[in-house]
Amino acid sequence: MRRIVDIYRKDQRGQVIWTYIVSLGGDGTHPSLEDFKEEALTLAGIDGRGALEDLDAHVHIEILK
C-alpha cells in the first residue's frame, strides 16, 4: 500500500519541506501509520532534508493505488 507523507520542521509545522510517496506492505504485512511516518523520516535523513531531531512527518489517511 502507498501513502503520501509530508515532511516538515517541528518549529515550522505549517511549511512542508518535502513530500514522499511511501510504499509498504507489499509482502502481505499491514503497516501502521507510524510505520509510514518512520520510513519517510528515515528517507528524509538519508536525503539530507535536515537533522532527524528537527523533523516530523504527517501521513495522509488516504491510500494511493
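The values are calculated or read from the model by the stated rules, or taken from the named source; none is laboratory data. This one's a predicted model, so the numbers in the text were calculated from it and none came from an experiment. FYI the Cβ positions are ideal-geometry reconstructions off the backbone, even for glycines, and counts take in every protein chain you see. Surface areas here come from the heavy atoms of the whole protein model, side chains and all, with no ligands, DNA or RNA. Shrake-Rupley method; radii C 1.70, N 1.55, O 1.52, S 1.80 Å.
How about the chain: which GluC sites (Glu not before Pro) there are in a DSSP loop, with at most 12 other Cβ atoms within 10 Å of their Cβ?
E62
Hey, what do the phi angles of the stretch 54-63 turn into as Karplus ³J(HN,Hα) couplings, whole Hz, using 6.51/-1.76/1.60 and θ = phi - 60°, x for Gly and Pro?
9, 10, 9, 9, 10, 8, 6, 5, 5, 9
Counting only residues 5 or more places away or on other chains, whose amide H sits under 5 Å from the amide H of V16 once H atoms are built in the peptide plane?
none
Residue separation times 0.36 nm, minus the C-alpha to C-alpha distance between D27 and M1: what's the value?
8.4 nm
Considering only protein heavy atoms and a probe of 1.4 Å, how much of the accessible area of the chain is carbon and sulfur, as a whole percent?
Looking at the chain in its full context, I get 52 percent from C and S.
How much accessible area per residue does the stretch 2-55 have, in Å², with a 1.4 Å probe?
Value returned for the stretch 2-55: 63 Å² of accessible area per residue.
Using Cα pairs closer than 8 Å and at least 6 residues apart in sequence, work out the relative contact order for the chain, in percent.
47 percent
Just to confirm the filter: which trypsin sites (Lys or Arg not before Pro) across the stretch 1-38 are DSSP coil and have at most 13 other Cβ within 10 angstrom of their Cβ?
Here the trypsin sites (Lys or Arg not before Pro) that fit, given the DSSP loop and packing criteria, are K10, R13.
Testing the spin-label approximation: label points 7 Å from Cα along Cα→Cβ at I17 and A51. State their distance in nm.
Computed distance between label sites I17 and A51 equals 1.1 nm.
Keeping all protein chains in place and using 1.4 angstrom, which order do I63, I7 fall into by accessible surface area, from largest down?
I63, I7
Along the stretch 20-37, what does the Karplus equation 6.51 cos²θ - 1.76 cosθ + 1.60 (θ = phi - 60°) give for ³J(HN,Hα), rounded to whole Hz, x for Gly and Pro?
10, 9, 9, 10, 9, x, x, 9, x, 7, 10, x, 8, 4, 4, 4, 5, 4
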